[in-house]
Structures are given as C-alpha cells and as structure tokens.
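S.K.: Got a structure for you, questions after.
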Amino acid sequence: MKKFWLFSLFAALFIGLGLPTSQAFASSNFSDIGDTYRAKDEIYYLVEGGIANGISTTAFSPSTEVTRGQAAAMLGRALGLNGEKRKTSFNDVSENYFASGYIEQLVKRGIISGYPNGYFLPNKTLSRGEMAILINRSFGTGTNSVAVATSTLMQKGIANGYEDGTFGEQDTIIRADFSVFLARSINAKFRTADTETFSQIMYVNVNDLNFRTGPNTNYPSMGKYNFGQVVEYAYSIGDWAYVRVNGEKGFVHTAYLQTTVPDPNNPPVITPPEPAPILPKKLEDMVIILDPGHGDHDPGATGFGLKEKDMVLDVGKRVKNYFVQSPLQVKMTRETDVFVELRDRVAFAKRNDGHLFVSIHANALNGSANGTETFYYTAARNPYDVESKALAKYLQARMLEAWNLKDRGVKYGNYYVIRENAMPAALVEMGFIDNKTDNAYIASPSRREQMAKAIYLGTLDYLYHYEKREDVLPLYKSVNASSSPKRH
Ligand SMILES: [Zn+2]
C-alpha cells in the first residue's frame with residue numbers, strides 16, 4: 001500500500017533544501033523543532049497552553065510514537081480536566097503514574113476505555129484510527145466508528161488522509177502529528193480549511209472578560225469584553241468557547257456567556273468555576289448535603305391535602321438519620337419549615353464544603369402525570385456534569401426499587417440548585433403529589449422511610465461504583481442492604 005503523508009512531503013523538501021533550522025523563541029525552544037519544522041506552530045501552541053510538554057526543556061522528540069498514557073494526558077489537559085494523580089481502576093496504572101488522574105477522568109467520561117481484565121496498557125502506542133476516535137469523543141460527537149471518526153476529521157480539515165485515499169488507521173502516530181491534530185481540533189485557525197460556522201449568538205454577563213488565544217488561562221489575553229457584549233459562538237473545548245467578536249476569533253470561558261440578553265439591573269450571580277476536588281481519603285471527612293425543597297410561604301406542589309414542603313422535609317430528615325448512623329457527615333439546607341432562597345441553598349453547600357448534593361422534591365401536574373424522576377445538570381457551570389449524571393442514575397434506580405412507581409427517567413434539568421453548584425448534584429422528584437396513586441405513597445410514613453433509605457443507598461451506590469469507594473461496603477450491611485449493579 002502506498003502511504004504518503006502530505007506534511008512529510010513538506011518536511012522532506014525543507015530538510016532537503018537545507019533551510020536554516022533554529023532561532024531563539026521567547027518561551028520554549030526545542031532544539032529538535034526548528035524554525036521550518038512542519039508542526040512547529042502547532043507544537044508551540046500546545047506547549048504555550050501547557051497541553052503538551054517536551055521530553056526535556058530542550059527537546060520535544062517529535063518523531064517518537066505517542067503512547068496511550070501520553071495521549072490521555074494531552075487530551076485531559078486540553079479539556080481542562082483535573083489531572084491530579086489518583087488511584088485508578090486499572091492494574092497497570094499506578095497512583096503515581098504521571099497520567100493516572102487524566103486516565104481516570106477520561107474513562108469516567110467515556111472518552112477512552114481500557115482492555116479486558118482491568119488493563120489500560122498505558123505504554124501501548126496509539127494508532128491513527130484510535131487517535132481519530134479519541135479526538136471525536138473529546139471535542140465532537142462521540143462515535144465508536146473509526147470510519148465516522150476519520151471522515152469527520154478530514155471533513156473539518158483536522159486530519160488529512162494519505163495520497164491514495166486511505167487514512168492508515170492501523171499506523172502508529174508520532175508526537176508531531178498528534179500535536180497537529182490536537183491543535184487543529186482546539187483552534188480552527190490551524191485547520192487546512194477553516195469551515196467552522198459561528199451559528200449561535202451569545203452574550204457576555206460579566207465585565208473585563210478575557211478574550212484568549214487558547215482554552216485555558218495559560219494563553220495570553222488579546223483583549224477584554226464587558227457586560228452585554230455580543231459574541232458569535234462556534235464550539236466548546238472543555239469549559240471554553242471558541243467565539244468570534246468583530247471578526248476576531250478566540251476563546252472565552254463559558255461560565256460568563258449566556259444565550260439571553262443579560263439584564264444590567266439584575267446581573268446573574270456568578271460563582272467562578274472551581275477545579276474538581278478529589279473526595280477525601282476518609283469517609284469521616286465526606287460531607288453530604290441534603291436539600292428539601294421549598295418551605296414556609298412556598299408550599300411547593302400540593303395535592304389531596306398534602307404540601308410538598310412538609311413531605312420532602314420529612315423524607316430529608318429520615319435520610320439524614322441514615323447518614324448520622326454512618327461515618328459520613330450530613331448537613332441539611334433546612335431542618336424546619338423555613339424558606340431558603342435557591343442561592344442560599346447552593347451557598348450553604350459550598351460553605352460547608354459539601355461533596356455531594358441531593359435536592360428532594362415531589363411533583364404536580366394537574367393530576368395528569370405520575371412517576372419518579374431524577375434530574376442532573378450538564379454544562380460548564382457545574383464542573384461535575386458526568387458525576388452528577390451518575391449520581392442521578394443511582395438515586396433513580398433505588399427510588400424505583402423502593403416505590404415501584406412509573407419510571408420517568410434520569411433527565412437533564414436546568415435547575416438552579418444543581419446548575420450553580422460546585423459538586424456532584426442531583427434533584428429527585430419522588431412522585432406526583434396530585435396523583436392519587438403517587439400521593440398514597442407520599443402520604444405514608446412507612447413509604448417515606450423506604451424512600452429515605454433509597455436515597456441513602458443511591459448515594460452509597462454512587463460512591464461505591466463511580467468513586468470506587470470500597471469503604472462504603474460495610475454501610476450497606478448495617479442497613480441490611482447490598483450494593484446495586486454498576487449503572488454508569
Ligand atoms: Zn419542588
């Protein structure tokens with residue numbers, strides 16, 4: 001098979017012509033990345049943002065093959081994930097491995113996966129086909145098809161095929177080429193054809209917002225925008241948006257963009273996104289926040305003489321009782337019939353260094369609907385999108401097990417207390433208070449006790465399966481239960 005990589009042609013030509021090689025650069029200067037090196041701009045762009053590193057301060061080693069561990073680290077950094085080293089679920093990735101944190105985060109997000117029997121093979125070289133899949137899952141729509149992934153990359157001007165029309169998906173990829181593909185994925189200006197459309201209008205909702213050359217704060221600011229500035233949005237890289245303002249293209253943080261015109265008289269309360277902390281080593285240091293909805297003059301939903309505010313408070317207190325008997329700490333946003341503003345519920349959770357947040361509600365819809373559902377929020381505001389969704393899944397399954405009402409599913413919900421939070425957060429709707437069947441469950445103290453236990457167990461399931469906390473196992477036993485199947 002005739003294989004031909006277009007860039008290799010340029011490289012060969014330049015080297016062949018004996019063009020000058022090295023010149024001093026302000027930041028990094030790798031002796032093996034000369035002035036005319038084909039991937040020079042892309043490599044230095046990634047190095048500037050801390051996304052790629054040299055193998056030493058003076059060498060990048062562009063022709064070395066990329067390993068799965070290295071690819072995970074670069075993708076993780078590009079996405080702004082927390083790369084702090086940690087225990088992983090793989091036999092061959094130790095806690096001390098440089099990319100252990102990124103591998104674990106990417107696996108949780110379904111971007112990269114391991115091999116059977118608990119192996120990740122971090123030192124295995126990456127193929128061009130695998131690279132295409134990883135880039136698609138990280139920055140585009142996730143696909144498991146190499147054909148779809150490679151054609152998407154070629155279409156977007158991110159990767160070229162060989163001259164004979166093939167992609168060479170079995171071939172290994174070297175650091176220079178991986179850098180080129182990654183830089184092009186992040187910043188469309190590097191692509192062979194800049195076909196990105198800026199199809200969505202958004203508004204800046206803060207003053208002095210930095211307009212940067214790349215998707216993290218290592219990249220220099222090209223200017224600042226103020227409250228109300230209109231931007232044209234193209235795509236996101238992690239929590240950063242690639243936008244166009246007056247013809248100039250660059251990155252702003254998505255926490256400071258909104259789709260509606262912001263009201264200067266009522267600016268949104270913005271809490272800067274916080275990096276994802278790792279759960280404490282000891283269960284004793286873990287804080288669960290329970291948030292019974294409504295209160296006082298806000299009854300929430302009503303039906304058959306019951307008020308949501310009373311029922312969810314009762315369930316909340318019962319959940320608390322379970323946690324009180326465990327080593328975990330538990331805090332409630334309200335323990336009496338008082339009204340608490342939504343923003344104060346979130347502030348309470350953050351002030352108390354909460355690690356998980358569960359908001360408890362009941363529903364109503366003119367008696368016309370019934371069932372149990374759980375909401376999570378997934379977008380830049382709450383950095384724990386994947387975690388929140390997993391938490392919601394484990395809660396929903398336990399609630400269905402307890403009451404066996406109609407399964408309305410695990411859904412995205414744009415609710416303040418889960419959106420503005422800075423920890424994995426879910427909002428449960430136990431059932432419909434204005435539906436006769438559901439109401440009978442909500443009205444029954446013994447049923448509410450079952451629901452409380454379900455919320456407790458759902459939280460343990462999340463900690464056990466998602467966070468791999470084996471230390472919660474004894475807690476199941478003490479309430480005559482066992483762990484759920486893995487659901488995320
Ligand atoms: Zn409610």
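S.K.: How large, in Å, is the range 414-458 by the Kirkwood hydrodynamic radius built from its alpha-carbon pairs?
M.R.: About 12.2 Å, per the Kirkwood formula over Cα pairs.
S.K.: For the chain, what proportion of DSSP beta bridges, expressed in % and rounded to the nearest 5, is antiparallel?
M.R.: Bridges in the chain that DSSP calls antiparallel: roughly 60 percent.
S.K.: Could you state the orientation-averaged shadow area of the convex hull built on the Cα atoms of the range 283-478, in nm² to one decimal?
M.R.: That works out to 9.8 nm², a quarter of the Cα hull's surface.
S.K.: Which peptide among 287-295, 126-134, 397-405 comes first, and what is the full order, when sorted by highest mean count of other Cβ atoms within 10 Å?
M.R.: Those peptides, ordered most packed to least, come out 287-295, 126-134, 397-405.
S.K.: I've got another one for you. For the pairs Lys411/Lys468; Lys317/Lys393; Lys317/Lys453; Lys309/Lys406; Lys87/Lys108; Lys453/Lys477, note any where the Cα-Cα span goes beyond 18 Å.
M.R.: Lys411/Lys468; Lys317/Lys393; Lys309/Lys406
S.K.: OK, next. What FRET efficiency, computed as 1/(1 + (r/R0)^6) with R0 = 30 Å and r the Cβ-Cβ distance, is obtained for Val261 and Lys224, rounded to the nearest 0.05?
M.R.: After rounding, the FRET efficiency stands at 0.90.
S.K.: So what is the calculated 222 nm ellipticity per residue for the chain, using -39500 (n - 2.57) for each DSSP H run with n of 4 or more, over all residues, to the nearest 500 deg cm²/dmol?
M.R.: -9500 deg cm²/dmol
S.K.: Magnitude of the Cβ-charge dipole of the chain, K/R +1 and D/E -1, about the Cα centre, nearest 20 debye?
M.R.: Dipole about the Cα centre, nearest 20: 660 debye.
S.K.: Rank by packing, highest mean first: peptides 347-360, 145-158, with packing defined as the count of other Cβ atoms within 10 Å averaged across residues.
M.R.: Answer by packing, highest mean first, reads 347-360, 145-158.
S.K.: Continuing with the same structure: How big, on average over all directions, is the shadow cast by the Cα convex hull of the chain, in nm²?
M.R.: 26.0
S.K.: List the equivalent ellipsoid semi-axes of the range 282-345 in whole Å, largest first, each obtained as the square root of 5λ for an eigenvalue λ of the Cα gyration tensor.
M.R.: 25, 13, 7
S.K.: Okay, moving on. Can you sort Asp208, Asp285 by 1.4 Å-probe accessible area, starting with the largest?
M.R.: So, going from the largest accessible area down, we get Asp208, Asp285.
S.K.: So, one more: Two decimals is fine: what is log10 I(q)/I(0) at q = 0.16 Å⁻¹ for the range 200-258, from a Debye sum with one equal scatterer on every Cα and no solvent?
M.R.: The Debye formula, applied to the Cα set alone, gives -0.37.
S.K.: For the range 179-260, give the magnitude of the charge dipole about the Cα centre (Cβ charges: +1 Lys/Arg, -1 Asp/Glu; no others), in debye to the nearest 20.
M.R.: Dipole size: approximately 180 debye.
S.K.: Same structure, new question: Quick one: Cα centre-to-centre distance for the range 340-382 and the range 129-146, in angstrom?
M.R.: 33
S.K.: Find how many whole Å separate the alpha carbon centroid of the range 74-124 from the alpha carbon centroid of the range 431-476.
M.R.: That distance is 31 Å.
The values are calculated or read from the model by the stated rules, or taken from the named source; none is laboratory data. Keep in mind that what you see is a predicted model, and the values were worked out from it rather than measured. With ideal geometry, Cβ positions are generated from the backbone for all residues, glycine too; neighbour counts draw on all protein chains shown. The protein model used for the area step is the full one, side chains on, heavy atoms only, and it has no ligands, DNA or RNA in it. Shrake-Rupley method; radii C 1.70, N 1.55, O 1.52, S 1.80 Å.
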